[in-house]
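Following: one structure in C-alpha cells, then a few remarks.
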Amino acid sequence: MDQPGSASVASLPGIGPKRLAALAEAGYHRVQDLLLHLPSAYEDRRQIVSPEALQDTGRFAVVGRLEGLRRVFTRRRGLRIIRGQLADDQGRLAVVWFNQPYLLQQIQEKAEVLLYGEVRRTKSGDLEMLNPSWEPMAVATKEIVPVYPSLPGLSSRRLRSLVGGLLDDLDLEAVFEDALPPQLLESYGLPTLAASLYGLHRPGETVDFDTLQAGTSPFHLRLAYGELLEIRGRIELARSRHLPAEKPHRYDLGGGLRKILAQVPPFALTSAQERVLEEILRDLGKPAPMQRLLQGDVGCGKTIVAALALVAAVENGLQGALMAPTEILAEQQFRSLQGLLGDRCRVELFSAANRHALEALAAGEVDVAVGTHALFQDSLTFRRLGLVIIDEQHRFGVTQRQRLLAKGTLPDLLVMTATPIPRSLALTVFGDLDCSVIDEMPPGRGELQTAVLPRARRKKVYESLARTLQDGGQAFVVLPFIEANEQLEVAALEREGREVRKWLSDCSVALVHGRLDRELREERMARFVKGEVQVLLATTVIEVGVDVPDARFMIIESAERFGMAQLHQLRGRVGRGREPAFCVALHGTLSADARRRLEIFESTLDGFEIAEADLAQRGSGDLEGWRQSGLPRLRCADLGRDLEWLERAREDARAMARSPIDASWSRFREALEERIEERDAQRLTGG
Ligand code: ADP
Ligand code: MG
C-alpha cells in the first residue's frame with residue numbers, strides 16, 4: 001500500500017511500540033487518521049504582548065521569563081496549585097496553574113516562554129493568568145494555533161508538531177480526494193475536503209478567528225455538510241432500494257372495522273388522536289409497508305392510538321407486536337392493552353420468565369404480543385406478523401428494529417416516542433420514517449406548575465408534599481442516578497430513602513430502582529399504582545410510561561444533574577389527573593449551563609421547545625438517541641445549529657439517489673455504498 005497518507009503512524013517520529021498500540025486501540029492506524037483528528041479549539045497568537053502591556057481581562061498570548069515558580073499547599077485534598085510570575089524588563093504578571101503536577105518538571109525557572117490563556121482579575125484587583133498553555137519561545141510562532149484533544153501518549157503540543165510535519169510533507173489533495181461534485185461545493189462556496197482539513201489544522205492569518213473558534217468557519221461547514229450528506233445519502237439510497245416492495249397483506253378498512261374501532265376507547269379521542277389514527281389507517285391501506293414515527297409528549301395518549309392500530313391489524317387477520325424498552329413498561333403496556341382489547345383479542349406478555357404462550361403465538365392464536373427485547377429472540381415465531389409497534393424508540397437501535405421486523409414479511413411499522421424530537425434530529429435519526437405528531441393533551445387535566453428551588457428550601461417543599469398526601473394525593477420523589485457502581489449507588493439511594501422517610505414520617509414510602517430484584521420492583525410499583533403506597537421514591541426508572549392519575553406532586557432531587565429533556569420526561573409523570581399538580585426541582589450549586597437548563601424547564605411545558613433548547617445546548621453528539629441509532633458520530637455538524645445545511649443535504653442526497661446515472665455523483669455514491677457494506681458486514685459479525 002503506497003497510497004499517500006496510508007503509511008502507518010509508526011513511521012512518524014517518536015512513535016514507539018507502546019504509543020503505537022495505544023493509538024491503534026483508539027482507532028488511529030494510518031497517518032491520514034491523524035489528519036482527521038481535528039482541533040477542538042484554537043489559540044489566537046497573532047498578537048503577542050508583554051506582561052506590562054496587559055491592562056484588562058480576556059484571553060492573551062504573553063511572552064516573558066518564568067520566575068518564582070513554586071508549589072502552593074492547600075488544605076483541600078486533591079487540589080494542587082503552582083504559582084509563578086511571567087516577567088520581562090518592564091513588568092510582570094502573576095500566573096497560576098491548577099492540577100498540573102508535572103509542570104515543575106517540564107518548565108525551568110527563567111525559561112523564556114509564551115503563555116496563552118485567560119487573564120482574570122483577582123479579589124485584590126490584580127491581573128492573573130489562569131491555567132495557561134505554554135511553549136518555549138524559540139518554537140512559538142505568531143499565528144492561530146490549533147488545540148487538539150490529546151490522544152494516548154500524545155499531548156496537544158506533540159500532535160501539533162506531528163500534524164504540522166504531515167502538512168509539510170503530504171499533498172492533502174492526493175490523500176483526501178473529494179467525492180463531492182465540485183460544482184456543488186462551488187455553488188455553496190465551500191472549500192474541498194483537503195483544503196478544509198488543511199485550513200482546520202493550519203488556519204493561517206487571514207481566517208476569521210471567531211468562526212474558527214465557534215466551529216462555523218468554511219472549513220468546518222464543508223465537513224459538517226459532508227457528514228449530513230452522508231447520513232441523508234444512506235437514508236435516500238436505502239429508500240430508493242426498498243420503495244417498490246409490496247407487503248403481502250391487504251387491509252379492509254371499511255365500515256365494519258370502523259364500527260369496531262369506535263367501540264374500543266373508553267373516552268372520546270382528542271382531535272389530534274383522531275388525525276393521527278387516520279394517518280395510520282391510511283398507511284395500513286397502502287401496498288407499501290407503513291414506516292411511521294408517532295411523536296407525542298408524555299401523557300398525550302399514544303397508547304390508545306397504538307391499541308386501535310392493533311385492532312385494525314387483528315381484525316384483518318394479522319398478528320401485532322408491541323415492544324417496550326423495559327420490563328416495567330412492557331408490563332404496563334400489557335395491562336393497558338389487556339384492558340382495552342382483552343375482550344376482543346388475545347394479548348400475551350413475553351418476557352425472559354414468561355414464555356408459556358410461544359406455541360400459541362406460532363400457531364397464530366395469540367393476536368398481540370407485548371414484551372421487551374425478549375420479543376426478538378429466535379424462539380419467538382409469529383404465524384402472520386403484520387404490525388410492529390415500538391414504544392420509546394430512542395432506546396432501540398435501528399438494527400434491533402430490523403430484527404423484530406424480520407419476524408414477519410414486510411410488516412407495517414409504527415414507532416412511538418414520548419421524547420419530542422427537534423425537526424433536525426427527526427430528519428437524521430429517523431429520516432426513513434414519516435412523521436405524525438399528537439400535539440394536544442386529553443381534556444380534564446389539572447394545571448401543572450413547576451418550581452425550581454435551591455436545596456435550602458427542602459424542608460418546606462417536603463412539608464407541602466406531606467399536605468398533598470393528606471389530601472389523598474400520591475407523589476414521586478426522583479433521586480439522581482449515580483453511575484459510580486452498583487453497591488455505591490444502592491447504598492446512596494437507601495440513605496436518601498431513610499432521610500425522605502424521616503421527613504414524611506406517617507406516610508407509606510416505597511423505593512424502586514433499576515438494580516432491584518425484578519419481582520420486588522414490580523410489587524412495589526404495583527402497590528403504588530393501586531394507591532397502597534403514597535410516595536414512590538425512585539431513580540429514573542419511572543422516566544417513561546408510568547401512568548398514575550393520583551400522582552400530583554413530584555420532587556426531583558439534585559435536578560442540576562439531569563438534562564432538560566429528561567427533566568421534562570420526569571415531570572410528565574404527574575398532572576395526569578384532574579387535580580392541579582406540582583413539580584419541584586431542587587438543586588444544589590449551579591453552573592451557568594445548569595442554571596439555564598432549569599430556567600427553561602421552569603418556563604415552559606412545551607416538549608418541543610425544550611427539545612430544541614436541549615439540542616442547541618448539548619449538541620447532537622450527546623443525545624441518547626443519537627448514540628444508539630447506529631449513525632456515525634458527528635464531528636462538525638451540529639443539529640442545533642446547522643438546520644439549513646441539513647435541508648440542503650436532504651435535497652442533494654435525494655437528487656443523488658434518484659438519478660443513479662448522474663456522473664457527477666458517482667464518486668460519492670460509490671464511497672457511500674462501500675461504507676454501508678462495511679458497516680453491514682461489521683453488524684453481521686457483531687462488530
Ligand atoms: P402516553 O402518550 O404518554 O403513552 P398514555 O397513552 O399513557 O400517554 O395516556 C395517558 C393517560 O391519558 C391515560 O390514562 C389514558 O387513559 C388517558 N387518555 C388518553 N387519551 C385520552 C382522551 N382522549 N381522553 C381522556 N383521557 C385520555
Ligand atoms: Mg406511553
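How many angstrom separate the Cα center of the stretch 539-618 from the Cα center of the stretch 489-522?
21 Å
The stretch 314-352 to the stretch 356-389: how many Å between their Cα centroids?
Using only Cα atoms, the two centres lie 10 Å from each other.
Going 7 Å from the Cα of A456 in the Cα-to-Cβ direction, what parts of the stretch 564-592 have a backbone nitrogen less than 14 Å from that spot?
587-590
Report the dimensions of the chain along its three principal axes from the alpha-carbon atoms, largest first, rounded to Å.
Principal extents (Cα only, largest first): 92, 72, 43 Å.
What are the residues whose amide H is under 5 Å from the amide H of Y42, where those residues sit 5 or more places off or on another chain and H is modelled from the backbone?
Sorted by chain and number, the residues that satisfy this are V147.
R282 versus A592, label points 7 Å from Cα toward the beta carbon: distance in nm?
Calculated label separation equals 4.7 nm.
Could you tell me the number of lysine pairs in the chain with C-alpha atoms less than 28 Å from each other, where the two lysines are 8 or more residues apart or belong to different chains?
For the chain, the number of qualifying lysine pairs is 17.
Quick check: the distance between the Cα centres of the stretch 33-74 and the stretch 193-260, to the nearest angstrom?
38 Å
Counting only DSSP beta bridges with both residues in the chain, tell me the antiparallel percent, nearest 5.
40 percent
At 0.36 nm per residue, minus the direct Cα-Cα distance, what do R71 and A245 gain on full extension? Give it in nm, one decimal, please.
55.5 nm
Let me check something: with ligands and nucleic acids excluded, how do K110, K259 order by accessible area (1.4 Å probe), largest to smallest?
Sorted descending by solvent-accessible area, the residues read K259, K110.
Quick check on packing: order 434-440, 246-252, 137-143 by the mean number of other C-beta atoms within 10 Å, highest mean leading.
434-440, 246-252, 137-143
With viscosity set to 0.692 mPa s at 37 °C, what whole-number translational diffusion coefficient in µm²/s follows for the stretch 1-88 from Stokes-Einstein and a Kirkwood radius over Cα pairs?
The estimated diffusion coefficient comes to 186 µm²/s.
When the label point is put 7 Å from the Cα of L253 along its Cα-to-beta-carbon vector, which residues of the stretch 307-335 have a backbone N closer than 17 Å?
Within reach of a label on L253: 307-318.
Label A492 and S150 with points 7 Å out from Cα along Cα→Cβ: what is the distance between them in nm?
Placing both labels 7 Å beyond Cα along the Cβ direction yields 2.6 nm.
Sorted by mean Cβ packing within 10 Å, highest first, what order do the peptides 231-238, 533-540 take?
Descending packing order for the listed peptides: 533-540, 231-238.
Suppose R0 equals 45 Å. What FRET efficiency, 1/(1 + (r/R0)^6) with r the Cβ-Cβ distance, do L36 and S124 give to the nearest 0.05?
Once rounded, the FRET efficiency stands at 0.45.
Over the chain, what percent of the accessible surface lies on carbon and sulfur atoms, probe 1.4 Å?
Of all accessible area on the chain, carbon and sulfur atoms account for 48 percent.
What 222 nm value per residue comes from the helices of the chain, counting each DSSP H run with n ≥ 4 as -39,500 (n - 2.57) and dividing by all residues, nearest 500 deg cm²/dmol?
-12000 deg cm²/dmol
Rounded to the nearest 0.05, what FRET efficiency is calculated for V139 and V96 with R0 set to 25 Å and r the Cβ-Cβ distance?
0.55
May I ask for the angle, rounded to the nearest 10°, between helix 327-341 and the longest principal axis of the chain, with both axes built from Cα atoms and the value confined to 0 to 90°?
30 degrees
Skipping prolines and chain starts, which residues have an amide H placed within reach, meaning under 5 Å, of the one on V477, given they are 5 or more residues away or on another chain?
So V477 has HN proximity to L536, L537, A538, I555.
Sorted by average packing, counted as other Cβ atoms within 10 angstrom per residue and highest first, what order do 662-672, 214-224, 315-325 take?
For the peptides 662-672, 214-224, 315-325, the packing ranking is 315-325, 214-224, 662-672.
Leaving out ligands and nucleic acids, note down the accessible area per residue over the chain with a 1.4 angstrom probe, in whole Å².
47 Å²
The values are calculated or read from the model by the stated rules, or taken from the named source; none is laboratory data. Just so you know, these numbers come straight off a predicted model, no measurement behind them. Don't worry about glycine lacking a Cβ; one is built from the backbone with ideal geometry, like all the others, and counts go over all protein chains shown. Just so you know, the surface numbers come from the protein's heavy atoms only, side chains and all, with ligands and any DNA or RNA stripped out. Shrake-Rupley method; radii C 1.70, N 1.55, O 1.52, S 1.80 Å.
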